[in-house]
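Asks: I am attaching a structure below and will ask some questions about it afterwards.
The values are calculated or read from the model by the stated rules, or taken from the named source; none is laboratory data. Keep in mind that what you see is a predicted model, and the values were worked out from it rather than measured. Cβ atoms come from the backbone with ideal geometry, glycine included; neighbour counts cover every protein chain shown. For the accessible areas, the whole protein counts, side chains as well, though only heavy atoms, and no ligand, DNA or RNA atoms are used. Shrake-Rupley method; radii C 1.70, N 1.55, O 1.52, S 1.80 Å.
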Amino acid sequence: MSAYRKLNASINLKPRIRAAFVVAVLLSVVPPLTYATVSIGYLGRHVAFVAQLQAARLSKYIYTQETMWQYQRVRLAEILELDESQLAETQLTVFRANGRKILSVGTDPGRLNLSRSAPLVSAGKLVGRTEVSIPLAGLAFQVLGLAVLSTLFGITAYFARVRPLRSLNTAVRQLEDFSDSLRRRTAQLYEAQALGKIGDWSYDFGARNLWWSDEVYRLLHYSRNFVPSYGAVLSLYAGDGARRLIESQVQARRDGTISKIDLRARRGDGSIGHFAVTTKTRYDDSGNAVGIYGTIQDISDRKEAEAQLEQLAYHDPLTGLANRALFQRRLDDMIDRCMRKASNGALLLLDLDRFKDVNDTLGHTTGDALLVRIAHLLSRTLGNQHFIARLGGDEFAVVAESATGDLDWQAVAGEVLKVISGTTMIDQVDIAIGTSIGIARVPDHGACVTDLLRNADLALYRAKEEGRGRYAVFEPGMDEAVQRKVAFASDLRAALQDDLGLMLHYQPQIDLATDRVKGFEALIRWNHPTLGPISPSVFIPIAESSHLICDIGHWVLRQAVLQAKAWLDAGAPPREVAVNVSVAQLWGTDLVTDVGQVLAETGFPPELLCLELTESLLVDQEETRVRSVLKALKAHGVVLALDDFGTGFSSLGYLTQLPFDKLKIDRIFIDGVTGSERRTELLRGIIGLGRGLGMTTVAEGAETPEEVALLRELGCDVVQGFVFARPQPAEDALGFALRQDGAALGAAEARHEVAAASGRRARR
Ligand code: C2E
Ligand code: MG
Ligand code: MG
């Protein structure tokens with residue numbers, strides 16, 4: 001039973017109200033009744049006395065008139081009216097012994113009256129009686145008046161008594177309701193605290209007394225026997241938790257605010273949890289701080305969820321490395337630190353070499369496994385000192401910083417190149433790995449994330465251009481160069497789309513055995529709308545790096561074959577047309593199908609189409625792959641030439657196994673060869689090698705007749721050089737061919753005639 005219910009019971013309201021009612025009724029009834037009773041008693045005695053008095057008087061007279069008195073009414077009336085004061089409002093009536101009325105004097109008292117009689121005795125004998133009646137209407141009015149007044153008094157007394165009782169009752173009921181709701185809410189609060197894992201605590205400065213609610217014991221896994229003390233509690237907090245808690249509580253006390261802090265704490269069972277502790281200061285009436293109190297909430301679940309969210313939001317699900325979002329934050333932090341401490345840092349952007357090939361040839365699962373392996377290699381090498389992220393695809397980033405402030409970024413780049421090099425085994429397949437790195441340093445190359453990223457990217461671009469597997473550091477001019485290239489690339493794309501400004505020139509190739517034009521090399525020309533003619537050695541690399549080369553290559557192939565077919569159709573003798581094929585085209589498109597389609601579409605004889613491939617096709621590619629592509633091309637019946645021979649990496653052993661028909665000896669071997677014995681020998685060796693392998697040798701870039709004469713002497717088959725003709729528009733090239741063939745024919749005939757004449761001379 002609650003205190004309020006007890007209070008209500010002790011007040012005992014109903015009997016009290018009943019008693020008040022009884023008192024009120026008594027107060028209303030008793031005074032008029034008493035008054036009426038006393039008055040009637042008094043009047044009764046008075047009237048009886050008067051009746052006796054009159055009876056005594058009449059008795060005396062009756063005694064004298066023993067027989068006649070009954071008829072002497074006047075006399076009797078006189079006797080009775082003797083005392084007039086008595087007759088006022090009084091009626092006196094005389095009755096015979098037999099009860100018959102003799103006379104009445106006085107005023108009729110009305111129906112409401114008080115009567116008393118007295119016997120008339122004469123000579124000891126009852127002869128009649130007198131009756132005195134007085135009206136009671138006046139008394140009745142008085143009693144009524146008194147009753148009204150006393151009733152009013154009674155009612156007043158009742159309410160005066162009952163109202164406070166009712167108010168008290170209402171107050172008690174309200175109090176009871178309030179206490180019920182308070183109890184309910186307290187229960188709910190405890191339940192909520194248990195659900196929300198919140199407990200409250202307080203600490204008293206004076207008594208140095210720390211109090212925990214039940215929930216705190218539960219949260220911290222301590223039994224109720226444990227008596228918490230401030231010092232013991234501080235030791236629960238892990239790391240620098242105790243210091244941070246004290247700081248937060250000192251602040252709460254100083255500022256009078258609620259302080260809140262998240263801490264890790266060791267529970268009673270040894271497990272570690274995360275807790276949010278709030279602190280508020282308690283003051284006495286004079287405003288002095290007397291203690292602190294607050295709550296402690298177990299937020300381990302929330303922290304775990306936060307950690308998972310953070311992992312999801314800021315990490316790459318494949319490799320587990322930080323993703324771009326976290327990378328940008330960490331890069332920003334690093335820049336900030338470097339600026340504040342005047343130290344050095346660097347951003348290294350990595351782009352894996354040949355990753356696309358792995359994906360294309362071995363499938364995405366192997367590609368993914370390779371990315372995981374690279375992430376692992378990077379983490380193992382740099383993880384402890386530097387921050388590593390995967391920005392997407394095969395792009396990784398390293399935010400490098402030195403604890404001492406002076407970063408050896410070259411060493412970091414060197415380590416990365418070292419670890420991502422050679423081969424790695426995935427699913428029992430050896431995969432070649434390599435990376436290009438672009439580096440931008442802090443603060444020299446940028447003081448914000450955007451600048452650093454852009455500059456590292458420019459450096460990466462340079463590293464890739466310079467031939468992969470290396471790093472390049474940002475230099476101020478790079479930006480402009482890249483901008484120019486980007487602009488070029490976009491102009492080039494427009495030219496290709498609109499078929500405007502791009503055309504093919506044809507450079508004749510002279511067969512040294514016949515001096516006739518054996519074929520033409522198709523060479524692309526670009527007339528830029530504002531800059532004029534641009535050399536292919538400038539825009540082809542741009543087209544290669546912007547992936548435009550595949551479209552350009554396809555366009556060139558089609559145009560060249562159409563042109564050569566047109567010449568054939570016009571009756572020109574069959575001559576070969578050579579088309580340059582970029583390596584990107586070879587691996588980036590289905591060149592084999594494209595070639596087949598163009599041949600089928602035009603009906604051009606495949607043996608008259610020569611595809612020129614450079615040695616760079618051998619770089620970065622597996623032998624089997626190269627061989628299978630070349631074999632597929634050869635299956636179309638086309639001729640394959642190895643262009644620019646001698647300028648790049650070539651393993652001779654490797655070369656001998658590939659199905660090339662022609663060897664195009666690069667210009668550098670021809671240039672200046674006539675004046676140098678050593679170079680002549682070198683050239684002789686190359687030509688000998690080609691011939692030895694059964695290839696047609698083509699010398700590029702012969703500019704003088706001496707060079708041609710030497711080449712002829714060394715056994716070279718074909719020459720392509722300015723000495724005969726420059727690359728020129730189709731019509732001019734055909735015109736040259738006709739003239740050259742005519743001249744060759746003329747020369748042959750002349751030679752024939754000379755030979756015949758000398759024969760004739762000899763016979764003579
Ligand atoms: P390349 O395939 O080795 O072509 C031969 C280059 O040597 C041509 O330069 C040609 O004009 C030049 N040349 C020929 N004879 C002489 C000479 O006697 N003296 C000098 N100094 N140069 C001579 P061009 O046309 O500027 O082409 C340069 C390179 O651009 C080509 O080298 C080729 O690698 C590339 N290229 C040209 N057209 C195409 C194309 O349609 N597709 C692809 N992928 N590359 C092309
Ligand atoms: Mg060529
Ligand atoms: Mg060449």
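Asks: Near the amide H of ASN209, under 5 Å away, which other amide H atoms are found, from residues 5 or more places off or on another chain, if H is placed in the peptide plane?
Replies: Amide H neighbours of ASN209, under 5 Å, 5+ apart: ASP204.
Asks: On to the next question. May I ask you to compute the full-extension gain from ALA187 to ALA97, defined as 0.36 nm times their residue separation minus their alpha-carbon distance, rounded to one decimal in nm? Please report the intermediate quantities before stating the final value.
Replies: On the way: separation 90, 0.36 × 90 = 32.40 nm, distance 9.39 nm.
Between ALA187 and ALA97, full extension yields 23.0 nm more.
Asks: Please work out how much length the chain gains when fully extended from ARG111 to GLN428, using 0.36 nm per residue of separation minus the C-alpha to C-alpha distance, in nm with one decimal.
Replies: Here the answer is 100.3 nm.
Asks: OK, next. Would you please put 503-510, 440-447, 529-536 in order of how densely packed they are, using the mean number of other Cβ atoms within 10 angstrom per residue and starting with the highest?
Replies: Values: 503-510: 22.6, 440-447: 19.4, 529-536: 10.8.
Going by the mean number of other Cβ atoms within 10 Å, highest first, we get 503-510, 440-447, 529-536.
Asks: At 0.36 nm per residue, and after removing the present C-alpha to C-alpha distance, how many nm does the segment from THR156 to TYR42 gain when stretched out fully? Provide the component values of the computation, followed by the final result.
Replies: Working: separation 114, 0.36 × 114 = 41.04 nm, distance 3.11 nm.
Extra length available between THR156 and TYR42 comes to 37.9 nm.
Asks: For segment 243-293, treating each Cα as an identical point scatterer without solvent, what Debye log10 I(q)/I(0) comes out at q = 0.15, 0.25 1/Å?
Replies: -0.47, -0.89
Asks: How high is the FRET efficiency from ALA481 to LEU377, r the C-beta distance, R0 25 Å, rounded to 0.05?
Replies: 0.20
Asks: What area, in nm² and to one decimal, does the C-alpha convex hull of segment 486-747 cast on average over all directions?
Replies: Its Cα hull, projected and averaged over all orientations, spans 14.2 nm².
Asks: Roughly how many nanometres apart are two label points built 7 Å out from the Cα toward the Cβ at ALA305 and PHE49?
Replies: Spacing of the two 7 Å Cα→Cβ label points: 10.4 nm.
Asks: What angle do you read, to the nearest 10 degrees and between 0 and 90, between the alpha-carbon axis of helix 241-255 and the longest principal axis of the chain?
Replies: Value to nearest ten degrees: 50.
Asks: Would you mind getting the accessible area per residue of segment 486-747, heavy atoms of the protein chains only, 1.4 Å probe, in Å²? Before the final figure, lay out each step's value.
Replies: Numbers: 11380 Å² over 262 residues.
I get 43 Å² per residue for this part.
Asks: How much accessible area per residue does segment 270-414 have, counting only protein heavy atoms and a probe of 1.4 Å, in square angstrom?
Replies: Roughly 48 Å² per residue, with all protein chains present.
Asks: Once both labels are modelled 7 Å past Cα along the beta-carbon direction, what's the PHE226-ASP177 spacing in nm?
Replies: Roughly 4.4 nm, to one decimal.
Asks: Still on this structure: Can you pull the three principal axis extents for the Cα set of segment 673-713, in Å, largest first?
Replies: 27, 19, 15
Asks: Please state, to two decimals, what the Cα-based radius of gyration of segment 62-200 comes to when divided by 2.2 N^0.38 Å (N = residues).
Replies: This ratio for segment 62-200 stands at 2.65.
Asks: Test of understanding: express the Cα radius of gyration of the chain as a ratio to 2.2 N^0.38 Å, with N the residue count. Before the final figure, lay out each step's value.
Replies: On the way: Rg = 65.2 Å, N = 764, 2.2 N^0.38 = 27.4 Å.
In units of the globular-protein estimate, the chain measures up at 2.38.
Asks: Roughly how many nanometres apart are two label points built 7 Å out from the Cα toward the Cβ at ALA123 and ALA447?
Replies: 16.0
Asks: Rounded to the nearest 5, what % of DSSP beta bridges with both residues in the chain are antiparallel?
Replies: Numbers: 91 of 118 bridges.
Bridges in the chain are about 75 percent antiparallel.
Asks: Tell me the carbon and sulfur percent of the accessible area for the chain, rounded to whole percent, probe radius 1.4 Å.
Replies: Solvent-exposed carbon and sulfur of the chain make up 54 percent of the total.
Asks: Bin all alpha-carbon pair distances of segment 196-305 at 10 Å intervals from 0 and give each bin's fraction as a whole percent.
Replies: Calculated P(r), rounded to whole percents: 14, 49, 30, 6, 0.
Asks: Compute the FRET efficiency between THR365 and LEU195 as 1/(1 + (r/R0)^6), taking r as their Cβ-Cβ distance and R0 = 35 Å, and round to the nearest 0.05.
Replies: 0.15
Asks: Something else: With the cut-off at 1.5 for a/c, could you classify segment 315-476 from its C-alpha gyration tensor as rounded, prolate or oblate?
Replies: Here segment 315-476 falls in the prolate category.
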